[in-house]
Amino acid sequence: MAVLDWLRKLMTGDQGAAPPGAKVERDALGRVTRVDQTLSLFGGGGTTYPRLAPVDAFAPRLREACAWLTSQNILLAREHALGLEQDYTFDQDTGELVLRFGEGHALVLRAEVLGSFDPSDRSFMWGWANPSIVSDREADATRLKADGERLGLAALTTPVQIVTFDELQPLIALAAHDAGADGVYRCIVNDSSSVFLSIRIESAPTDISNTNSALFDAARDLAARYDAEMLALDLEYHERSGEEDILGPLIDRKMAVYKRYWSRDDNYWKPCSTGWPSDHDPDTRKLHFSAPHPAGGALDIAIGKTFGQTAYRIELVDGVLRITDNLIEWGDGLIWPDAPP
């Protein structure tokens, strides 16, 4: 009997029914007074897969792989503008991943399938276990499986496991790192599922003329000053949240800050709210770096510790650096794994 069916019966006065697997307490008259039941985080029905096997035995390798992938992501963003692509195609037969940018520019990479993740049931399947993957496109994942068999590491040899997305990312980083790849690309399929590819770049870095460190430093300083002023206003609202009629004046002050740092012809990024924790708080970020933009200027990119990111585009406007956009879809194909303790 499903839990909802039991609740319907209980609401109609049926005290005899009980949900499956539950501990039910009743009073002297047989009326239900307490129900304890453990509900699965990953839903019920369908095939039951094992939880991710322990990774403690190879945690140092995972930490090394996570640090490597973070460094590679930054390098790829700086040298090949990765993160700015507008769409992609992956051809299993040729092993080519094509990233398409604006104005007809494309980057062709060699790629193999490491694995796939279905968020509907939190299942991760290694590439070597997926019958839809051609054998020539899962060699990197198979290499890690062989290592797992040699060392007795079930997390690397179990075909399908239930994981969280955070648990999964270090495994993907490890597979790419140990295979000698240049990085990882995440293909989002049907707006939810993910296919993770190890990638290898054979082309020269993108011709970006404005890669000087002075521009990076100036862009980062501009973004830091903007965030600091906005953070102060968010904090003031948080500390005065019990007072009446404070939001309007604070938004006006935010607008004044915005006008000093931004240059846009529309209202898209004009401030209209405040909140706490603040999106402008550097303590909420795990990573902050700059990269050139192929069309000019720089990107100031901050990756959140738990979620969220900013990717400010900063350009010279009438000879003065200004923020001109926040590229909210930047880096959809990149993952930023947190190393296990």
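The values are calculated or read from the model by the stated rules, or taken from the named source; none is laboratory data. All values derive from a computational prediction rather than experimental measurement. Virtual Cβ from ideal backbone geometry, glycine too; neighbours counted across all protein chains shown. Ligands, DNA and RNA are excluded from the accessible area calculation, which covers all protein heavy atoms including side chains. Shrake-Rupley method; radii C 1.70, N 1.55, O 1.52, S 1.80 Å.
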With the requirement that a residue be of a type outside the set (A, V, I, L, M), over 23 Å from D87 (Cβ atoms) and under 20 Å from the mean Cα position of the chain (by Cα), what does the stretch 104-160 give you? S120, D121, R122, S123, F124, W126
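Would you call A311 at pLDDT 95 or above, buried (at least 19 other Cβ atoms within 10 Å of the Cβ), touching a Gly at 6+ places or on another chain (Cβ under 9 Å) and part of a strand (DSSP E or B)? Even if it seems obvious, please write down each step before you answer.
Numbers: at pLDDT 95 or above: yes; buried (at least 19 other Cβ atoms within 10 Å of the Cβ): yes; touching a Gly at 6+ places or on another chain (Cβ under 9 Å): yes; part of a strand (DSSP E or B): yes.
Yes.
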List every residue pair whose Cβ atoms sit under 8 Å apart, with the two residues 6 or more apart in sequence or on different chains, where the first one lies in the stretch 244-267 and is open to solvent by less than 70 Å² (accessible area, probe 1.4 Å) and the second, anywhere, is of a type in the set (F, W, Y) and not in a loop (DSSP other than H, G, I, E, B). I246/Y237; L250/Y237; V257/Y226; Y261/Y226
Given the structure, is E112 of a type outside the set (K, R), modelled with pLDDT of 95 or more and not in a strand (DSSP E or B)? no
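The rows are residues; the columns are (1) in contact with a Leu (Cβ under 6 Å, 6 or more places away or on another chain); (2) buried (at least 21 other Cβ atoms within 10 Å of the Cβ).
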residue	(1), (2)
E85	yes, yes
F90	yes, no
D93	no, no
V108	no, no
G115	no, yes
P119	no, no
G127	yes, yes
N130	no, no
Scanning for something in contact with a Lys or Arg (Cβ under 6 Å, 6 or more places away or on another chain), assigned to a strand (DSSP E or B) and crowded, with 17+ Cβ neighbours inside 10 Å, does the stretch 280-294 turn up at least one residue? yes
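Among the residues of the stretch 46-70, which ones are assigned to a helix (DSSP H, G or I) and open to solvent by 70 Å² or more (accessible area, probe 1.4 Å)?
Just the residues of the stretch 46-70 that are assigned to a helix (DSSP H, G or I), to begin with: 56-70.
The answer is D56, A57, P60, R63, E64.
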Can you name the number of the only condition in (1) closer than 25 Å to N190 by Cβ; (2) touching a helix residue (DSSP H, G or I) at 6+ places or on another chain (Cβ under 9 Å); (3) not polar (S, T, N, Q) that V134 fails? (2)
Please find, among R150, R137, the residue that is on the phi < 0 side of the Ramachandran plot and crowded, with 17+ Cβ neighbours inside 10 Å. R137
Counted residues, the stretch 215-235 - those being surrounded by fewer than 20 Cβ atoms within 10 Å (Cβ to Cβ) and among the small types (G, A, S): 4
